[in-house]
């Protein structure tokens with residue numbers, strides 16, 4: 001580290017790379033390099049980054065770095081993490097941690113051998129309103145939660161590789177599901193004992209064999225219940241957390257939280273024929289937890305904080321996702337822990353899904 005500033009290289013240049021870049025800079029890190037096969041140069045020029053590379057390995061070898069942030073398609077998480085760990089760099093990896101539990105185990109082991117931090121990037125844990133709701137739940141302000149529901153959804157992914165299950169490892173459950181599952185578990189203060197899931201293709205069956213909507217019931221000790229909903233079939237979007245206890249209820253709506261409200265008149269850009277209201281977060285990186293997540297990574301890399309969201313946590317979330325796919329295939333509850341040797345999580349579901357939904361081509 002240069003003084004107290006963490007020197008970071010970002011693998012990836014699409015939407016999440018931009019989000020992480022902004023949050024890292026707000027948190028005080030120094031982003032010194034970026035890598036991507038086609039757009040690294042343009043990304044670096046636009047954001048004032050000194051070095052850019054076509055290959056993440058060249059970035060790791062060619063620039064003095066303390067850490068690597070992985071914002072690539074899911075199928076590259078494993079390779080980039082191992083290369084960074086082998087070079088002694090701390091790692092923050094976007095969700096999901098990997099395509100399979102075998103990959104996740106290897107990533108965790110590589111970082112442990114190298115003595116570097118492996119942070120699983122789950123921004124929801126650092127969103128101030130979610131943090132407050134979970135704090136109230138832990139303090140039994142609602143009487144101790146017996147039901148926690150979280151929904152994370154939109155109308156479909158922003159980049160074409162998400163439709164490719166070999167790259168993504170699954171559909172909406174692998175994309176949006178990690179947010180909902182981890183948030184529910186965090187609010188409960190526990191990991192579930194079993195999973196029941198229902199998956200379907202509703203809006204995007206012509207684009208992918210993956211599910212575009214998932215409803216996952218998480219069964220906790222003492223009969224407590226979590227509901228994690230992940231969707232690409234919600235055109236209006238949703239980011240909702242509800243915590244219920246005998247003493248009350250706590251509700252968070254990140255799409256309607258502290259925000260600027262703008263009305264776009266009919267006929268103006270974005271206004272359509274009748275006009276519409278637009279709710280924009282006053283400070284996106286902070287409201288959605290990315291700034292807090294980046295700050296936590298900096299503190300953990302410096303040895304000043306214990307990881308709130310570790311590689312082991314990312315593995316647990318992926319294990320729950322694998323079990324959810326298996327539950328949807330079987331049509332029944334699946335106990336945890338769950339062992340999986342599949343190359344990608346969705347393989348637990350696809351055979352049965354193909355029979356139900358028809359051949360995809």
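A few notes on this one:
- Just one residue in the set 208, 198 is surrounded by fewer than 23 Cβ atoms within 10 Å (Cβ to Cβ), modelled with pLDDT of 95 or more and assigned to a loop (DSSP other than H, G, I, E, B); that residue is 208.
- Hits in the range 149-188 (condition: surrounded by fewer than 18 Cβ atoms within 10 Å (Cβ to Cβ) and outside any loop (DSSP other than H, G, I, E, B)): 160, 161, 166, 167
- For residue 4: the one exception among (1) at pLDDT 95 or above; (2) at negative phi: (1)
- Any hit, the range 157-166, residues being touching a strand residue (DSSP E or B) at 6+ places or on another chain (Cβ under 7 Å), within 20 Å of residue 121 (Cα to Cα) and in contact (Cβ under 8 Å) with a residue 12 or more places away in the chain: no
- Applying the condition of being part of a helix (DSSP H, G or I) and out of contact with any helix residue (DSSP H, G or I) (no Cβ under 8 Å at 6 or more places or on another chain) to the range 129-148 and asking which residue is modelled with the highest pLDDT yields 132.
- For residue 356, the stated conditions hold: it is over 28 Å from residue 17 (Cβ atoms), at pLDDT below 95, out of contact with any strand residue (DSSP E or B) (no Cβ under 8 Å at 6 or more places or on another chain) and not in a loop (DSSP other than H, G, I, E, B).
- Where strands (runs of 3 or more DSSP E) fall wholly inside the range 1-111, the ranges with 1 or more residues that are surrounded by fewer than 20 Cβ atoms within 10 Å (Cβ to Cβ) are 7-11, 30-35, 51-53.
- Considering the conditions (1) touching a helix residue (DSSP H, G or I) at 6+ places or on another chain (Cβ under 7 Å); (2) exposed (fewer than 14 other Cβ atoms within 10 Å of the Cβ), residue 115 is excluded by exactly one of them, (1).
- Filter pass, residue 229 being in contact with a helix residue (DSSP H, G or I) (Cβ under 9 Å, 6 or more places away or on another chain), in a loop (DSSP other than H, G, I, E, B), surrounded by 13 or more Cβ atoms within 10 Å (Cβ to Cβ) and at negative phi: no
The values are calculated or read from the model by the stated rules, or taken from the named source; none is laboratory data. As the structure is a prediction and not an experimental result, all values here were calculated from the model. Counting neighbours? That spans all protein chains shown, and the Cβs are built from the backbone with ideal geometry, glycine included.
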